[in-house]
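Down below is the structure, laid out as C-alpha coordinates.
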Amino acid sequence: MKAQKINPTIVNHRMNWFQKFLLVCSGGNIHILRKTPSEWNKFAGIGGIILFTAVFATLSAGYAMFTVFDDIWISVGFSILWGLMIFNLDRYIVSSIKKTGTWWNQVLMAIPRLILAAFLGIIISKPLELKIFEKEVNKQLNTIIQRNKTQLQAEMNGRILQQSGPFETEKKQIQAKVAEYQKAYDSASVELEKEILGKQSGLTSGKVGFGSNAKRKSELKEQRRQDLENYQKQIAPRLEYLDQEISKVYTNIETERNKTETFEDKFNGFAARLQALDELGKNSAIIGIAATFIMGLFICLEISPVLVKLISSVGPYDYLLDKTENDFRLYAKEKIEKGNVGTDWRIEDFKENLKKE
(Lines give C-alpha, C1' and ligand atoms only; values in the text may rest on other atoms or scores of the structure.)
Protein backbone atom coordinates (compact mmCIF):
# COMPACT_ATOMS: atom_id res chain seq x y z
CA MET A 1 0.00 0.00 0.00
CA LYS A 2 1.47 3.30 -1.03
CA ALA A 3 1.81 6.09 1.55
CA GLN A 4 -0.60 8.90 0.86
CA LYS A 5 1.04 12.27 0.46
CA ILE A 6 -0.73 15.02 2.36
CA ASN A 7 -0.69 18.51 0.88
CA PRO A 8 -2.50 21.43 2.48
CA THR A 9 -5.01 23.12 0.23
CA ILE A 10 -3.47 26.30 -1.06
CA VAL A 11 -5.97 29.11 -1.50
CA ASN A 12 -4.97 32.35 -3.10
CA HIS A 13 -5.55 34.93 -0.35
CA ARG A 14 -4.51 38.49 -0.93
CA MET A 15 -2.88 40.48 1.83
CA ASN A 16 -3.47 44.25 1.90
CA TRP A 17 -0.74 46.68 2.93
CA PHE A 18 -2.11 47.25 6.44
CA GLN A 19 -2.30 43.53 7.17
CA LYS A 20 1.23 43.10 5.88
CA PHE A 21 2.42 45.99 8.05
CA LEU A 22 0.86 44.48 11.19
CA LEU A 23 2.25 41.03 10.36
CA VAL A 24 5.73 42.55 10.03
CA CYS A 25 5.20 44.29 13.38
CA SER A 26 4.32 40.94 14.99
CA GLY A 27 7.79 39.57 14.31
CA GLY A 28 6.47 36.62 12.32
CA ASN A 29 8.07 35.24 9.18
CA ILE A 30 6.17 37.01 6.41
CA HIS A 31 7.00 34.32 3.82
CA ILE A 32 5.51 31.58 5.98
CA LEU A 33 2.54 33.75 6.97
CA ARG A 34 1.65 34.18 3.29
CA LYS A 35 1.04 30.42 3.21
CA THR A 36 -1.06 30.39 6.40
CA PRO A 37 -3.91 32.92 6.01
CA SER A 38 -5.75 31.39 8.98
CA GLU A 39 -3.02 32.82 11.23
CA TRP A 40 -3.22 36.38 9.91
CA ASN A 41 -5.75 37.64 12.45
CA LYS A 42 -3.77 36.32 15.39
CA PHE A 43 -0.48 37.76 14.21
CA ALA A 44 -2.10 41.03 13.11
CA GLY A 45 -3.48 41.42 16.64
CA ILE A 46 -0.04 40.76 18.13
CA GLY A 47 1.52 43.23 15.69
CA GLY A 48 -1.05 45.87 16.59
CA ILE A 49 -0.27 45.54 20.31
CA ILE A 50 3.47 45.79 19.62
CA LEU A 51 2.88 48.83 17.40
CA PHE A 52 0.77 50.68 19.97
CA THR A 53 3.22 49.79 22.73
CA ALA A 54 5.97 51.42 20.66
CA VAL A 55 3.77 54.49 20.12
CA PHE A 56 3.12 54.83 23.86
CA ALA A 57 6.84 54.31 24.52
CA THR A 58 7.62 57.12 22.07
CA LEU A 59 5.20 59.52 23.78
CA SER A 60 6.48 58.49 27.19
CA ALA A 61 10.12 59.01 26.28
CA GLY A 62 9.32 62.33 24.60
CA TYR A 63 7.71 63.72 27.75
CA ALA A 64 10.50 62.38 29.97
CA MET A 65 13.22 63.90 27.78
CA PHE A 66 11.41 67.23 27.55
CA THR A 67 11.41 67.50 31.35
CA VAL A 68 15.16 66.81 31.31
CA PHE A 69 16.43 68.89 28.36
CA ASP A 70 13.53 71.34 27.89
CA ASP A 71 14.20 71.17 24.13
CA ILE A 72 11.52 69.96 21.73
CA TRP A 73 13.89 68.71 19.00
CA ILE A 74 16.10 66.72 21.36
CA SER A 75 12.97 65.25 22.93
CA VAL A 76 11.48 64.29 19.56
CA GLY A 77 14.73 62.73 18.32
CA PHE A 78 15.30 60.68 21.46
CA SER A 79 11.64 59.63 21.71
CA ILE A 80 11.66 58.28 18.14
CA LEU A 81 14.90 56.40 18.83
CA TRP A 82 13.48 54.98 22.07
CA GLY A 83 10.21 53.99 20.39
CA LEU A 84 12.07 52.14 17.63
CA MET A 85 14.19 50.33 20.20
CA ILE A 86 11.12 49.23 22.19
CA PHE A 87 9.41 48.21 18.95
CA ASN A 88 12.36 46.05 17.88
CA LEU A 89 12.78 44.59 21.36
CA ASP A 90 9.10 43.63 21.60
CA ARG A 91 9.24 42.00 18.14
CA TYR A 92 12.27 39.99 19.24
CA ILE A 93 10.63 38.92 22.52
CA VAL A 94 7.53 37.66 20.72
CA SER A 95 9.29 36.09 17.73
CA SER A 96 11.73 34.21 19.97
CA ILE A 97 8.91 32.17 21.54
CA LYS A 98 8.56 28.88 19.69
CA LYS A 99 5.49 26.65 19.99
CA THR A 100 7.59 23.51 20.12
CA GLY A 101 8.33 21.11 22.96
CA THR A 102 6.20 20.50 26.05
CA TRP A 103 3.97 23.12 27.60
CA TRP A 104 6.27 23.42 30.61
CA ASN A 105 9.25 24.08 28.36
CA GLN A 106 7.29 26.85 26.68
CA VAL A 107 6.40 28.33 30.08
CA LEU A 108 10.03 28.24 31.26
CA MET A 109 11.08 29.84 27.99
CA ALA A 110 8.43 32.58 28.40
CA ILE A 111 9.17 33.48 32.06
CA PRO A 112 12.28 35.65 31.42
CA ARG A 113 10.50 37.28 28.48
CA LEU A 114 7.49 38.06 30.68
CA ILE A 115 9.76 39.60 33.31
CA LEU A 116 11.49 41.74 30.69
CA ALA A 117 8.14 42.78 29.20
CA ALA A 118 6.80 43.72 32.65
CA PHE A 119 9.92 45.80 33.31
CA LEU A 120 9.44 47.60 30.00
CA GLY A 121 5.79 48.23 30.92
CA ILE A 122 6.86 49.93 34.16
CA ILE A 123 9.41 52.10 32.33
CA ILE A 124 6.85 53.17 29.74
CA SER A 125 4.09 53.87 32.26
CA LYS A 126 5.99 56.20 34.63
CA PRO A 127 6.38 59.25 32.33
CA LEU A 128 2.77 58.89 31.22
CA GLU A 129 1.66 58.77 34.87
CA LEU A 130 3.57 62.03 35.41
CA LYS A 131 1.71 63.61 32.51
CA ILE A 132 -1.69 62.36 33.64
CA PHE A 133 -1.17 63.69 37.20
CA GLU A 134 0.76 66.77 36.04
CA LYS A 135 -1.27 69.33 38.03
CA GLU A 136 -1.06 67.32 41.25
CA VAL A 137 2.66 66.69 40.67
CA ASN A 138 3.32 70.43 40.16
CA LYS A 139 1.55 71.22 43.42
CA GLN A 140 3.52 68.57 45.29
CA LEU A 141 6.73 69.89 43.70
CA ASN A 142 6.05 73.32 45.25
CA THR A 143 5.57 71.63 48.62
CA ILE A 144 8.87 69.78 48.22
CA ILE A 145 10.66 72.99 47.17
CA GLN A 146 9.39 74.90 50.21
CA ARG A 147 10.33 72.01 52.46
CA ASN A 148 13.81 71.89 50.98
CA LYS A 149 14.18 75.66 51.43
CA THR A 150 13.18 75.37 55.10
CA GLN A 151 15.67 72.59 55.61
CA LEU A 152 18.29 74.62 53.74
CA GLN A 153 17.68 77.66 55.97
CA ALA A 154 18.07 75.49 59.08
CA GLU A 155 21.36 74.10 57.74
CA MET A 156 22.56 77.61 56.91
CA ASN A 157 21.71 78.84 60.41
CA GLY A 158 23.68 75.96 61.85
CA ARG A 159 26.67 76.81 59.67
CA ILE A 160 26.42 80.49 60.66
CA LEU A 161 26.52 79.54 64.35
CA GLN A 162 29.41 77.18 63.73
CA GLN A 163 31.55 79.58 61.68
CA SER A 164 30.76 82.80 63.54
CA GLY A 165 30.66 81.17 66.98
CA PRO A 166 34.31 81.88 67.98
CA PHE A 167 34.03 85.52 66.85
CA GLU A 168 30.72 86.00 68.65
CA THR A 169 32.13 84.45 71.83
CA GLU A 170 35.16 86.77 71.83
CA LYS A 171 32.92 89.76 71.08
CA LYS A 172 30.68 88.91 74.02
CA GLN A 173 33.74 88.62 76.27
CA ILE A 174 34.89 92.09 75.18
CA GLN A 175 31.41 93.52 75.69
CA ALA A 176 31.31 91.98 79.17
CA LYS A 177 34.65 93.60 79.97
CA VAL A 178 33.38 96.98 78.69
CA ALA A 179 30.27 96.51 80.84
CA GLU A 180 32.49 95.97 83.89
CA TYR A 181 34.36 99.24 83.23
CA GLN A 182 31.06 101.02 82.63
CA LYS A 183 29.63 99.63 85.86
CA ALA A 184 32.69 100.80 87.82
CA TYR A 185 32.36 104.29 86.30
CA ASP A 186 28.62 104.43 87.03
CA SER A 187 29.24 103.34 90.61
CA ALA A 188 31.88 106.06 91.08
CA SER A 189 29.46 108.64 89.64
CA VAL A 190 26.70 107.61 92.05
CA GLU A 191 29.06 107.76 95.05
CA LEU A 192 30.25 111.22 94.05
CA GLU A 193 26.67 112.46 93.76
CA LYS A 194 25.79 111.05 97.19
CA GLU A 195 28.86 112.67 98.72
CA ILE A 196 28.04 116.09 97.30
CA LEU A 197 24.37 115.84 98.39
CA GLY A 198 25.38 114.64 101.85
CA LYS A 199 23.58 111.30 101.74
CA GLN A 200 24.88 109.02 104.45
CA SER A 201 26.15 105.58 103.41
CA GLY A 202 28.96 103.20 104.18
CA LEU A 203 31.14 104.93 101.55
CA THR A 204 30.15 108.61 102.10
CA SER A 205 30.75 111.11 104.95
CA GLY A 206 27.23 112.49 104.99
CA LYS A 207 28.42 116.12 104.74
CA VAL A 208 26.87 118.40 102.13
CA GLY A 209 29.20 120.13 99.68
CA PHE A 210 32.33 119.44 97.69
CA GLY A 211 34.77 118.53 100.44
CA SER A 212 37.88 116.43 100.53
CA ASN A 213 35.90 113.18 100.26
CA ALA A 214 34.00 114.51 97.28
CA LYS A 215 37.28 115.53 95.68
CA ARG A 216 38.69 112.00 96.07
CA LYS A 217 35.53 110.51 94.68
CA SER A 218 35.67 112.94 91.75
CA GLU A 219 39.23 111.80 91.03
CA LEU A 220 38.11 108.16 91.29
CA LYS A 221 35.27 108.86 88.89
CA GLU A 222 37.67 110.46 86.42
CA GLN A 223 40.01 107.50 86.73
CA ARG A 224 37.14 105.09 86.02
CA ARG A 225 36.16 107.18 82.99
CA GLN A 226 39.70 107.12 81.65
CA ASP A 227 39.95 103.36 82.22
CA LEU A 228 36.72 102.89 80.27
CA GLU A 229 37.76 105.12 77.39
CA ASN A 230 41.28 103.66 77.21
CA TYR A 231 39.93 100.12 77.05
CA GLN A 232 37.38 101.10 74.41
CA LYS A 233 40.10 102.72 72.29
CA GLN A 234 42.39 99.75 72.80
CA ILE A 235 39.79 97.16 71.90
CA ALA A 236 38.09 99.10 69.05
CA PRO A 237 40.28 97.62 66.23
CA ARG A 238 39.66 94.14 67.54
CA LEU A 239 35.90 94.73 67.67
CA GLU A 240 35.99 96.10 64.13
CA TYR A 241 37.87 92.99 62.97
CA LEU A 242 35.39 90.65 64.69
CA ASP A 243 32.42 92.53 63.16
CA GLN A 244 34.01 92.23 59.71
CA GLU A 245 34.60 88.50 60.10
CA ILE A 246 31.05 87.93 61.32
CA SER A 247 29.75 90.02 58.42
CA LYS A 248 31.83 87.93 55.98
CA VAL A 249 30.33 84.73 57.36
CA TYR A 250 26.78 86.06 56.92
CA THR A 251 27.53 87.44 53.44
CA ASN A 252 29.15 84.22 52.17
CA ILE A 253 26.40 81.99 53.51
CA GLU A 254 23.70 84.33 52.25
CA THR A 255 25.26 84.27 48.77
CA GLU A 256 25.44 80.49 48.88
CA ARG A 257 21.83 80.30 50.11
CA ASN A 258 20.63 82.49 47.23
CA LYS A 259 22.43 80.30 44.71
CA THR A 260 21.05 77.14 46.29
CA GLU A 261 17.53 78.56 46.39
CA THR A 262 17.86 79.37 42.69
CA PHE A 263 18.63 75.71 42.05
CA GLU A 264 15.77 74.68 44.33
CA ASP A 265 13.36 76.85 42.31
CA LYS A 266 14.41 74.82 39.24
CA PHE A 267 13.71 71.55 41.08
CA ASN A 268 11.29 70.26 38.46
CA GLY A 269 13.26 67.66 36.52
CA PHE A 270 12.26 64.07 35.82
CA ALA A 271 13.66 62.63 39.06
CA ALA A 272 12.00 65.42 41.08
CA ARG A 273 8.65 64.68 39.45
CA LEU A 274 9.06 60.97 40.21
CA GLN A 275 9.69 61.89 43.85
CA ALA A 276 6.57 64.10 43.86
CA LEU A 277 4.49 61.30 42.30
CA ASP A 278 5.78 58.83 44.88
CA GLU A 279 4.86 61.18 47.74
CA LEU A 280 1.44 61.78 46.19
CA GLY A 281 0.84 58.04 46.10
CA LYS A 282 1.79 57.73 49.78
CA ASN A 283 -0.28 60.73 50.87
CA SER A 284 -3.36 60.03 48.72
CA ALA A 285 -4.75 56.51 48.46
CA ILE A 286 -6.83 57.44 45.38
CA ILE A 287 -3.82 58.71 43.43
CA GLY A 288 -1.78 55.72 44.57
CA ILE A 289 -4.43 53.26 43.36
CA ALA A 290 -4.88 55.15 40.07
CA ALA A 291 -1.12 55.17 39.43
CA THR A 292 -0.96 51.45 40.21
CA PHE A 293 -3.78 50.70 37.76
CA ILE A 294 -2.11 52.77 35.03
CA MET A 295 1.16 50.92 35.56
CA GLY A 296 -0.69 47.60 35.59
CA LEU A 297 -2.41 48.54 32.33
CA PHE A 298 0.89 49.08 30.55
CA ILE A 299 2.38 45.94 32.06
CA CYS A 300 -0.60 43.96 30.73
CA LEU A 301 -0.25 45.68 27.37
CA GLU A 302 3.43 44.81 27.23
CA ILE A 303 3.13 41.15 28.24
CA SER A 304 -0.06 40.43 26.26
CA PRO A 305 1.76 39.47 23.00
CA VAL A 306 3.89 36.98 24.94
CA LEU A 307 0.81 35.57 26.68
CA VAL A 308 -1.07 35.29 23.38
CA LYS A 309 1.79 33.31 21.86
CA LEU A 310 2.02 31.18 25.01
CA ILE A 311 -1.65 30.25 25.44
CA SER A 312 -2.54 29.93 21.76
CA SER A 313 -2.65 26.46 20.28
CA VAL A 314 -0.13 25.24 17.72
CA GLY A 315 -1.22 26.43 14.29
CA PRO A 316 -0.19 26.04 10.65
CA TYR A 317 2.39 28.79 11.01
CA ASP A 318 4.13 26.94 13.84
CA TYR A 319 4.18 23.69 11.85
CA LEU A 320 5.63 25.38 8.77
CA LEU A 321 8.16 27.31 10.84
CA ASP A 322 9.27 24.14 12.59
CA LYS A 323 9.51 22.34 9.23
CA THR A 324 11.54 25.18 7.70
CA GLU A 325 13.96 25.26 10.60
CA ASN A 326 14.21 21.48 10.61
CA ASP A 327 14.96 21.48 6.86
CA PHE A 328 17.83 23.88 7.47
CA ARG A 329 19.10 21.74 10.34
CA LEU A 330 19.01 18.64 8.18
CA TYR A 331 20.65 20.47 5.28
CA ALA A 332 23.43 21.74 7.56
CA LYS A 333 23.90 18.28 9.08
CA GLU A 334 24.06 16.71 5.61
CA LYS A 335 26.66 19.24 4.43
CA ILE A 336 28.74 18.64 7.57
CA GLU A 337 28.60 14.87 7.10
CA LYS A 338 29.54 15.16 3.42
CA GLY A 339 32.39 17.47 4.33
CA ASN A 340 33.67 15.05 6.98
CA VAL A 341 33.46 12.05 4.61
CA GLY A 342 35.25 13.97 1.85
CA THR A 343 37.99 15.03 4.26
CA ASP A 344 38.46 11.46 5.51
CA TRP A 345 38.67 10.16 1.92
CA ARG A 346 41.29 12.75 0.98
CA ILE A 347 43.34 11.93 4.07
CA GLU A 348 43.24 8.21 3.30
CA ASP A 349 44.12 8.87 -0.34
CA PHE A 350 47.06 11.01 0.74
CA LYS A 351 48.31 8.22 3.05
CA GLU A 352 48.06 5.66 0.23
CA ASN A 353 50.07 7.87 -2.09
CA LEU A 354 52.76 8.26 0.59
CA LYS A 355 53.05 4.47 0.93
CA LYS A 356 53.42 4.02 -2.84
CA GLU A 357 56.27 6.52 -2.90
Positions within region 77-122 being closer than 17 Å to Val24 by Cα, among the polar types (S, T, N, Q) and open to solvent by 60 Å² or more (accessible area, probe 1.4 Å), in sequence order: Asn88
When residues of region 69-104 are limited to those that are closer than 22 Å to Asn326 by Cβ and of a type in the set (Lys, Arg), the one farthest from the chain's Cα centre (by Cα): Lys99
Considering residues of region 295-313 that are of a type in the set (A, V, I, L, M) and open to solvent by 60 Å² or more (accessible area, probe 1.4 Å) only, the residue nearest to the chain's Cα centre (by Cα): Leu297
Residue pairs meeting the criteria (Cβ under 6 Å; at least 6 apart or on separate chains; first under 16 Å from Gly121 (Cα atoms), in region 31-54; second of a type in the set (S, T, N, Q) and open to solvent by 10 Å² or more (accessible area, probe 1.4 Å)): Ile49/Ser304
Scan of region 314-345 for residues that are at pLDDT 85 or above, open to solvent by 80 Å² or more (accessible area, probe 1.4 Å) and either touching an Asp or Glu at 6+ places or on another chain (Cβ under 7 Å) or of a type outside the set (Asp, Glu) (or both), ordered by number: Lys323, Phe328, Arg329, Leu330, Tyr331, Lys333, Lys335, Ile336, Lys338, Val341, Trp345
Contacts under 8 angstrom Cβ, first residue in region 291-310 being under 12 Å from Leu120 (Cα atoms) and in a helix (DSSP H, G or I), partner of a type in the set (Asp, Glu) and open to solvent by less than 50 Å² (accessible area, probe 1.4 Å), 6 or more apart: Met295/Glu129; Glu302/Asp90
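The values are calculated or read from the model by the stated rules, or taken from the named source; none is laboratory data. If you're wondering where the values come from, they're calculated on a predicted model, not measured in any experiment. Cβ sites come from the backbone with ideal geometry, for glycine too, and all protein chains shown count toward neighbours. Ligands, DNA and RNA are excluded from the accessible area calculation, which covers all protein heavy atoms including side chains. Shrake-Rupley method; radii C 1.70, N 1.55, O 1.52, S 1.80 Å.
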